[in-house]
Every structure is written in C-alpha cells, then in structure tokens.
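So the structure is just underneath, and the comments pick up after that.
The values are calculated or read from the model by the stated rules, or taken from the named source; none is laboratory data. Given the structure is predicted, the values throughout are model-derived calculations rather than measurements. So basically every Cβ, Gly included, is an ideal-geometry build from the backbone, and we count neighbours across all protein chains shown. To get the accessible areas, we keep the full protein, side chains included, count just its heavy atoms, and leave off ligands, DNA and RNA. Shrake-Rupley method; radii C 1.70, N 1.55, O 1.52, S 1.80 Å.
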Amino acid sequence: MRWSQLYVPTLREDPADADAASHRLLVRAGFVRQLMAGHYSLLPMAVRVRGKIVDVVREEMARIGSQEWILPALHPAEIWQRTGRWEGMGEEMFRLKDRRGADLALGMTHEEIFTTLAQELSSYRQLPQMWYQFQTKFRDEPRPKSGLLRVREFTMKDSYSFDLDQAGLDRSFDLHHAAYTRIFARIGIPAIPVQASSGSMGGSASVEFMSPTPAGEDLVVHCPACRYAANVEKAGSALPAAADGEALAAPERFDTPEARTIEELARLHGVPAEQQIKTLVLVADGSPLLALVRGDHSLVEQKLLDATGARTVRPADADEIKGLLGAMPGSLGAVGVTGVTGLTVLADHALAGRTGMTTGANQDGVHLRGVDVARDIAVTRWADLREVRAGEPCVQCGEALEVVQTVEVGHIFKLGRKYTEALDVTVLGQDGAAVKPIMGSYGIGIERAIAAIVETHHDEKGIAWPVAVAPFEVAVVPIGKADEQTAAVVDDLYGRLRAERIDVVLDDRDERPGVKFADIELVGIPYRITVGPRGLKDGVVEVTTRATGETVQVPVAEAAAHVAALVRAAVAPLAG
C-alpha cells in the first residue's frame with residue numbers, strides 16, 4: 001500500500017472532548033470519527049487493526065475447538081421474555097416494533113439465540129459443543145464516554161459452550177480462560193483475571209479480564225504477593241477487628257441536632273466512624289430494605305443485588321424514607337423497626353458481634369448509643385456488602401491489598417442451566433434419560449480491545465502499536481531530493497518486504513521528512529525504514545523502532561531481511 005492512496009486524516013491538535021488517551025489518539029491519528037454519542041465510524045486504519053485482532057481471536061477459538069457462526073442482531077421479544085430478561089435488562093436494551101406491531105430488540109448479547117439453536121441437539125454424543133461469533137451488539141448506555149471504551153454499538157466476540165455435566169462445563173470454562181490469556185498476551189493487553197459478579201447474566205463462576213488504565217471505570221482489588229484479584233463488586237478482605245464503644249444495658253438516646261452525617265457525628269460528638277452504623281434505605285424490585293454497614297465503609301450495590309437476588313435497586317426518596325421510618329436521612333437506624341411490614345434488614349458481616357455502637361434513632365436530630373447489634377437489631381440476612389479499600393489485608397495471604405483502576409476487556413461465565421431450562425433444550429443422556437445441557441458464556445469486545453491496546457501502548461508522540469495488531473508493520477520512507485538511486489532502493493525494499501509477506505506501507509507523499517516521521521509516529525507503525533541520498537552514499541538505510549525510538553544503520557542489501565526478522569521475532573513467541 002502507498003500512503004498517497006490511504007485515507008489517514010491525522011490532526012495536529014487533540015480533540016477538545018477526548019478524556020481518555022485512547023480516545024484522543026485514535027481521533028488524532030485518523031482511526032475513528034464520532035457519528036453521535038456512543039457510535040463511532042472505524043476508518044481504514046482502524047479496520048486493519050480490528051481485522052488483526054479478529055484474526056488472533058479466531059485462531060485461538062479454533063485452537064480450543066470452537067466453531068464460528070453468524071447470528072442475527074435483531075431478535076424477537078418472545079425469546080427474551082421466556083428467559084425473563086426482556087424486563088430484567090431494563091433501559092439498556094434497545095426495543096422497537098416492526099410494521100406489524102411485533103416487539104423486537106437489538107441484541108445486547110446472544111445467550112437466548114444460541115440456546116434456541118441448541119434445541120436441535122438431541123444426544124449426549126453431540127456434546128460438548130463450543131460456538132462463537134463476531135456480531136454487533138447494542139446497549140443503550142446512559143453515559144457513553146471515553147471513545148471506544150464506553151459505547152452503545154460495538155462488535156463482540158461471544159462464545160457459548162454446551163456440556164452434559166458440571167465437569168464438562170469446568171473444562172470448557174478452563175479452555176476459554178486459557179484462550180483469553182493467550183489472546184490478550186498476543187494483542188498486547190495486560191489483562192488481570194479477577195473474580196467477578198455474574199450480574200444479569202446469571203450463573204455461578206465469573207471471571208473478568210481487566211486491563212489497568214486511568215480511563216477505566218472498574219476498580220480491581222489486587223494482591224501483589226499472592227496474585228489474588230477480584231472486582232470491587234466481588235472482593236473481600238481480612239478486615240481487622242475494630243474497637244467497640246461503651247456497652248450499655250440498653251440503647252441510650254442523645255440529641256444530635258447538628259449532626260446529619262457520619263463525619264459530623266464523629267467531629268461534634270466524638271463517635272469514631274468505625275463505631276457507627278450507617279443505615280441506607282433502598283428499594284429493591286419495588287420493596288423497601290435497610291442496608292447496614294459500618295460508618296467508615298461504603299456499600300457496593302452489586303453485592304447487595306447478588307445477596308438479595310434483586311434485579312434493580314435504587315435509593316429511596318425523602319418521602320418514602322419519612323413514611324417508612326418517620327425521620328429524614330441523618331437520623332436513621334434499624335433499632336426497633338421489626339414492626340414495619342415487609343421491611344428487610346440486610347447487614348454487612350463487619351457489624352456482626354459489635355457492641356457499643358451508635359446509630360440514628362428514627363427521630364430527626366436524635367441518635368442512639370450503646371447499641372448491641374445482636375441484641376437490638378433484628379437482622380433479616382447477613383451478607384458481604386462493603387467495598388474493600390487499599391491497604392486492607394488480603395483474604396488469602398494477609399498482605400496489603402492494592403486497588404487498581406481498570407477497564408474490562410473480557411468476561412467469562414459459568415451460566416449453568418438457566419437458559420436451557422427456560423428454552424427447553426434437552427438431550428438424551430448415556431442412560432437414556434433426558435438431560436438439560438449446562439452452559440458457559442464468554443465475551444471479548446473488539447473495539448474496546450483496540451482502545452485498551454492504545455491505553456497501554458502510547459507516548460507523547462502518539463500510538464505505539466504492538467506488531468501483531470499494527471495497521472502496518474513497516475513504513476518505508478524516502479527522504480531528500482528524489483533521484484533514481486533512491487527510487488530504485490525504495491521500490492526494491494518495498495517489493496522485498498511484500499514478498500516476505502510483511503505488511504508494509506510506502507510513504508510516497510511529497511512532504512518534508514518531519515511531516516512524514518510525525519505521522520508515522522502518531523499512527524504508531526512499529527518499524528520505519530528511512531532511505532535517503534546521504535545514507536545511500538555509505539550503502540545503508542536507517543531502521544527505527546517505534547516502541548523504543550532506537551535507530552540503527554543497516555546495509556541496503558540486508559535491510560528487508562533484517563526488518564522481516566524483527567517483525568517475526570516480535571510475533572512468533574506469542575503465537576506459538
């Protein structure tokens with residue numbers, strides 16, 4: 001390919017609305033353009049990168065025996081209604097009606113559709129099956145941001161496994177875990193596999209592959225000593241015991257007219273936050289509940305959803321709180337609320353056994369001290385609800401935990417039989433009895449992977465693509481006054497590299513060397529061969545490595561083979 005034939009609309013200034021490094025650089029380097037919020041056009045250079053990521057994923061899926069499909073992106077509502085997810089997916093699902101009035105959805109994911117196709121399986125002899133596709137997904141993201149990291153339309157590689165029993169599912173899950181580890185290594189994404197919540201997908205085991213980046217919106221709790229890692233929605237820690245307050249024979253009321261927050265109660269009345277009970281009034285699937293955590297802890301909403309099995313949760317509004325407990329936020333508590341009909345009290349494990357605690361009295365401007373949790377609060381259910389913080393001891397080895405900002409680049413689930421039961425998929429087992437196959441689900445966002453690579457591989461000059469996914473592996477750049485010798489060497493190098501099956505672009509533009517070099521560095525091509533009259537007088541060309549900035553002189557006759565060897569050396573160890 002010749003640069004003069006390419007469409008690469010590079011920009012010299014950063015886009016004003018770009019908050020993530022990948023967003024800024026993919027726009028500047030001419031890879032993407034926004035159509036509207038959350039919807040991006042991939043320009044030719046991005047399509048080349050996307051194609052190489054897809055090739056790597058396809059190779060690794062083939063390695064584990066998965067078969068590729070292409071399924072519709074537009075789905076009938078009926079299938080989603082049968083699994084209960086038509087309502088459960090909420091506002092993130094794009095819904096529409098056709099001209100006949102039938103309810104349809106743009107696919108967020110394809111568990112239902114693949115499971116419907118699995119209805120044609122009839123015998124245990126046909127299992128296991130692993131199926132996958134590359135398909136556009138649609139999610140009505142309320143706050144699309146950060147370029148390709150958070151969008152409403154994207155390509156997902158989604159895989160689905162069907163096995164006869166749990167042992168088979170474990171094997172399929174492990175195969176995908178290993179495949180994902182290889183994929184991310186090959187395309188240059190540092191990915192931490194972490195324990196995670198399955199959320200609306202359902203199922204038991206769930207592992208997210210998280211890539212560290214300041215642009216990420218997910219927090220991962222990570223132990224550098226033993227490699228324990230979990231999403232903050234799932235993470236636990238070996239929390240040190242906290243000192244109790246003064247024990248009393250019964251809770252004692254005291255006036256707190258100016259203390260409406262944990263901090264104010266600590267400052268004005270000398271009650272440490274770890275000796276307070278934070279009472280949160282929430283509405284889960286339409287029913288009120290109280291969530292209790294220690295005063296210095298934060299509630300993780302997903303942990304609460306997992307503990308209750310609720311699909312949705314929201315904070316109660318002021319009128320709802322007043323009607324339920326008789327007081328406004330700032331003086332709320334769970335002591336004596338057992339008479340409130342249908343009210344669930346969910347308490348975090350860190351409150352178990354605590355005495356001498358302080359909480360709201362459900363009267364404005366009044367609190368209770370000397371609360372014994374076991375004696376004075378009727379807890380409906382105990383659960384892990386709190387957010388783990390950096391520095392707390394690891395649950396596995398006791399070392400201090402770190403909290404890392406990340407973006408999710410892959411997610412694998414053990415779904416169980418949720419979908420095969422709902423959609424009535426049955427095969428005959430070895431003994432002739434009917435068996436519901438057990439499923440797994442496994443996803444990688446392709447465009448998000450593009451952005452995650454850039455988040456990791458960039459500098460002040462632009463993108464520095466890993467060789468395996470670069471739009472071009474080598475750029476041949478003639479500089480100086482055009483003459484026959486330079487033209488002949490350039491054409492020969494270009495031809496030799498193409499013959500070596502190297503992805504090469506010839507920068508044949510009539511531009512100054514500085515302009516050419518800046519564009520090649522911004523676009524992120526891994527190797528540059530610079531050909532000029534001055535070097536040719538000594539029989540050499542310059543080979544520059546984008547990632548390190550190192551430049552070496554190589555004899556003209558050896559240049560093509562030298563660069564081809566660099567390319568293969570960069571890719572071969574990961575592809576093996």
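The figures follow:
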{"item": "Those strands (runs of 3 or more DSSP E) lying entirely in the stretch 265-349 with at least 2 residues surrounded by fewer than 22 Cβ atoms within 10 Å (Cβ to Cβ) and of a type in the set (Val, Ile, Thr)", "result": "277-284, 344-348"}
{"item": "Of all residues making up the stretch 376-408, the number that are part of a loop (DSSP other than H, G, I, E, B), at negative phi and open to solvent by 20 Å² or more (accessible area, probe 1.4 Å)", "result": "11"}
{"item": "Qualifying positions in the stretch 409-424 - in contact with a Ser or Thr (Cβ under 8 Å, 6 or more places away or on another chain) and either within 21 Å of His177 (Cβ to Cβ) or in a strand (DSSP E or B) (or both)", "result": "Val409, His411, Ile412, Phe413, Lys414, Leu415, Gly416, Lys418, Tyr419"}
{"item": "Test for Met156: is it out of contact with any Phe, Trp or Tyr (no Cβ under 8 Å at 6 or more places or on another chain) and assigned to a strand (DSSP E or B)", "result": "no"}
{"item": "Within the stretch 527-555, considering residues that are among the charged types (D, E, K, R) and within 19 Å of Ala487 (Cα to Cα), the one surrounded by the most Cβ atoms within 10 Å (Cβ to Cβ)", "result": "Arg528"}
{"item": "Conditions (1) farther than 26 Å from Gly336 by Cα; (2) buried (at least 20 other Cβ atoms within 10 Å of the Cβ); number of the one not met by Ala238", "result": "(2)"}
{"item": "Qualifying residue in the stretch 297-310 (condition: out of contact with any His (no Cβ under 9 Å at 6 or more places or on another chain) and farther than 24 Å from His349 by Cβ)", "result": "no"}
{"item": "Residues of the stretch 205-231 classified as touching a residue at least 40 places away in the same chain (Cβ under 8 Å), within 18 Å of Asp384 (Cα to Cα) and touching a helix residue (DSSP H, G or I) at 6+ places or on another chain (Cβ under 9 Å), total", "result": "2"}
{"item": "Output for the stretch 489-524, where each listed residue is hydrophobic (A, V, I, L, M, F, W, C) and either free of Cβ contacts under 8 Å to residues at least 24 places away in the same chain or assigned to a helix (DSSP H, G or I) (or both)", "result": "Val489, Val490, Leu493, Leu497, Ala499, Val515, Phe517, Ala518, Ile520, Leu522, Val523"}
{"item": "The lone exception for Leu6 - which of (1) open to solvent by 20 Å² or more (accessible area, probe 1.4 Å); (2) within 27 Å of Tyr442 (Cα to Cα) it fails", "result": "(2)"}
{"item": "Residues (touching a strand residue (DSSP E or B) at 6+ places or on another chain (Cβ under 6 Å) and open to solvent by less than 50 Å² (accessible area, probe 1.4 Å)) located in the stretch 480-512", "result": "Thr486, Val489, Val490, Leu493, Tyr494, Leu497, Ile502, Val504, Val505, Leu506, Asp507"}
{"item": "Search result, residues across the stretch 118-151 that are buried (at least 18 other Cβ atoms within 10 Å of the Cβ) and either part of a helix (DSSP H, G or I) or touching a Cys at 6+ places or on another chain (Cβ under 8 Å) (or both)", "result": "Ala118, Tyr124, Gly147, Leu148, Leu149"}
{"item": "Some residue of the stretch 244-263 being outside any loop (DSSP other than H, G, I, E, B), without any contact (Cβ under 8 Å) to a residue 60 or more places away in the chain and closer than 24 Å to Asp364 by Cα", "result": "yes"}
{"item": "Residue check, Asp218 within 22 Å of Ala374 (Cβ to Cβ) and not aliphatic (A, V, I, L, M)", "result": "no"}
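Per-residue answers, yes or no, for (1) within 29 Å of Arg496 (Cβ to Cβ); (2) of a type in the set (Val, Ile, Thr); (3) within 23 Å of the chain's Cα centre (by Cα):
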{"position": "Pro15", "(1), (2), (3)": "no, no, no"}
{"position": "Ser22", "(1), (2), (3)": "no, no, yes"}
{"position": "Ala29", "(1), (2), (3)": "yes, no, no"}
{"position": "Ala37", "(1), (2), (3)": "no, no, yes"}
{"position": "Met45", "(1), (2), (3)": "yes, no, no"}
